[in-house]
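First comes the structure, then the notes that go with it.
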Amino acid sequence: MTAVLSVCFAVLVVSMGIVLVRLERGPSNLDRAVALDVITAASVGIVVVLMAITGRVDLLPLLVVLASVGFIGSTTIARFSRAESIGESQLLSAEEAARADEIELADDDEPVHADADQDDSGVATDGFDLQEETR
């Protein structure tokens, strides 16, 4: 049983080290928030393993505090973080950036709905009819 708990402890410590790298690299603030959540969860796991190894139950309030801090921290970050567009949070390679530039439509391209400016009789309109608005 002690060997299993020691392996669990080692796995949790290694995972916290890996997540620290993610916390440092980002690339966005929400990635960092997820990393902090994982660190908090791993901290709870480490305390649980220590409780199991030593047989101490007086560390239970520490678990409650760690879980509360993790929850309050993640909800606070989610509340006050600004919404990022997909383009802002994504790093593109050179090939992806070139493809994205090709996809954008130029001003001289054909309209998507060529007949959008015509009514049922085929007469070009400016998009709305003043007579219909007054009815």
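Each value in this text was obtained by applying a stated rule to the coordinates, not by laboratory testing. Given the structure is predicted, the values throughout are model-derived calculations rather than measurements. Neighbour counts run over all protein chains shown; Cβ positions are idealised from the backbone, glycine included.
Quick notes on this structure:
- Maximal additional length on extending the Glu96-Leu60 stretch stands at 8.0 nm, based on 0.36 nm per residue less the C-alpha distance.
- Packing, as the average of other Cβ atoms within 10 Å across residues, places the peptides 30-39, 69-78 in the order 30-39, 69-78, highest first.
- Extension gain, Thr76 to Ile46: 0.36 nm times the residue separation minus the Cα-Cα distance gives 8.4 nm.
- Based on the convex hull around the alpha carbon atoms, segment 27-82 presents an average projected area of 3.8 nm².
- Working note: Karplus 6.51/-1.76/1.60 with θ = phi - 60° gives segment 31-42 the couplings 5, 5, 5, 5, 4, 5, 4, 5, 5, 5, 5, 5 Hz, where Gly and Pro are set to x.
- Annotation: for a label point projected 7 angstrom from Cα along Cα→Cβ of Ser6, residues of segment 40-54 with backbone N closer than 15 Å are 50, 53-54.
- Relative contact order [Cα under 8 Å, 6+ residues apart], segment 27-82, whole percent: 51
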